[in-house]
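The next block holds one structure in the form of structure tokens; read it before the comments.
Rule-based calculations on the coordinates, nothing more; no lab input. In this text, all values refer to a predicted model and were calculated from it rather than measured experimentally. So basically every Cβ, Gly included, is an ideal-geometry build from the backbone, and we count neighbours across all protein chains shown.
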Amino acid sequence: MKTSYLKLLAIAALIISLSYCAPKELLYYSSPTLLPDVKKEMNTFGFWVGKITNPDKLILNDKEIFRLNKHIKEDLNLVKDISDLPMIMEASDVKKRVLEKINYLKKKSLFDLNGREIISSFYKDIMKNIPLSSLPSDIKIRYGLTVSYTYQRSIPTDIKAFSKPGNISFDKFLMNSLDIGTPVAVLLNSKDDNWLFCITPLSEGWIKKEMVAIGSKEKVESYINHFPFVIITERKGDIFLDPDLTKYYGFARMGTRFPMLSLIGSDKVEVLIPIRNKNGLLKLVHGYISKEQVSKGFLPYTQRNIIKQAFKLLNSPYGWGGSFGEQDCSRFIHEIFSTVGIILPRNSKAQAKVGRVIATFSKNQNIDERLIVIKQKAIPGITLLRLKGHIMLYLGINNNKPYVIHATWGYREHKWYKDIVRVTNRVVVSDLFLGKGSLKGSLIERIVTIRVLDKP
């Protein structure tokens, strides 16, 4: 008996010693195809729509969505309308916008692709390419449209920066990714004339000059406000330059809007697309998209449509900042709601300021309290649940557990004496207990805000 007791003590001591001696770096493993407590049928939108009493009930009509978008732009100031910008901007304002991003980055510990730390001399070299000291007192804003999928960056460089050596999935210099036809207000050219500092509806930063076509304000406004129009409703829409759909031009992600010219036969639509002529000026040409990839006008804002759109992106690769033509958590939410005409801001923190708040949680609130609120007040398909740095779309309850769909890079799992990371790197369905027992905590334990998008 005594011998057994001593053996148990020895094993306990070994486990404790291992926990102290274990490497601090997390270990990474692939996640299973179906996440814990997710059945195969849960990976279909019909499973969740079938749980809703009236999934085709209109949540908001066109006028109410217009008022909601106006509230997001004017009251919350989370989305910009470049048409509302002043024609002339003071140099001090432009400098402030440019330096704000650089000064923020300087405070971060960042590394390049080779794992070398980015030091202050790097930013000095960047500043040499920005003509802040020679700006005129008043700067006339130029207008344009992006001519392809492209990136918007904090500083004018293609060099990538990461928070940890080797952590190359998260480029911290990347502000946003933009689809073809994104309106831009151009404030500044880099000295080498390769970059433009631009304000877009969702972000501001540097865009490669070759990706922007400059036109009059009237021409840009006419393009983005053209009626009738089509919206990309598939994961991606393929754009061609001929009605036979053989001359491929590029792609646009879900929610991208195009001016519609006509229906070609029964299966193609003719649209306007922006291109850049040899002088860098805006030219509008005819493009063609398969009818099955678009909706004429916005989809009706119903629970069915939102959930259906979300599941079209299921298993799509994760893309930080929308990189690789994909989506991160907030871009995922943005694309879905764009198809019904709701223009949400770019990042999760800002998105969590939109809609009717049904709960805010502190760290001390227990899981039972959180579950009660979700079960009683959250509405499937139109409820956003925000964690610090992450946001998810609520699907509903199954077997007394709340489920969500979200774009996520990974989650933690507690094994023996430490956490490991399960890399999902895609859009997934999961319950809110994912990560339970880990040092970081489960999703439900980390929820900060819950909002429902059903009020203007």
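Things worth noting here:
- Cα-based reach from Lys191 at 17 Å (exclusive), listing aspartates and glutamates while leaving out same-chain residues under 8 positions away: Asp125, Asp158, Glu210
- Global form of region 228-327, assessed from the alpha-carbon gyration tensor, a/c cut-off 1.5: oblate
- Computed label-point distance, nm, for sites Asp368 and Thr44 using a 7 Å Cα→Cβ extension: 3.7
- Ranked by how many other Cβ atoms sit within 10 Å of their own Cβ, fewest first, the residues Tyr151, Tyr143, Tyr28 fall in the order Tyr28, Tyr151, Tyr143.
- Cα-based helix-to-principal-axis angle, 91-106 vs the chain, degrees rounded to 10: 30
- Set Lys106/Lys160; Lys39/Lys401; Lys349/Lys418; Lys96/Lys164; Lys51/Lys401 screened for pairs whose C-alpha atoms are more than 19 Å apart: Lys349/Lys418; Lys96/Lys164
- Translational diffusion coefficient (Stokes-Einstein; Kirkwood radius from C-alpha pairs) of region 79-208 at 4 °C, 1.567 mPa s, in µm²/s: 84
- For Phe66 and Lys418, the FRET efficiency from 1/(1 + (r/R0)^6), where r spans their Cβ atoms and R0 equals 41 Å, is about 0.20.
- Database remark: amide H of Asn315 closer than 5 angstrom to the amide H of Val427, Val428 (H placed geometrically; neighbours at sequence offset of 5 or more, or on other chains; Pro and chain starts carry no H).
- Multiplying the residue separation of Asn277 and Lys388 by 0.36 nm and removing their Cα-Cα distance gives an extension gain of 35.6 nm.
- Lys-Lys pairs in region 226-296 that are eight or more residues apart or on separate chains and whose Cα atoms lie under 20 Å of each other come to 9.
- For the pair Ser134 and Asp84, label points projected 7 Å from Cα toward Cβ lie 3.5 nm apart.
- Amide H partners (placed H, <5 Å) of Gln152, local residues excluded: Met175, Asn176, Ser177, Leu178
- Using a Förster distance of 41 Å, the FRET efficiency for Leu99-Phe227 (Cβ separation, nearest 0.05): 0.55
- Note on Tyr29 and Lys51: the model spin-label points, each 7 Å out from Cα along the C-beta direction, lie 2.7 nm apart.
- For the pair region 386-422 / region 29-46, the C-alpha centres are spaced 12 Å from each other.
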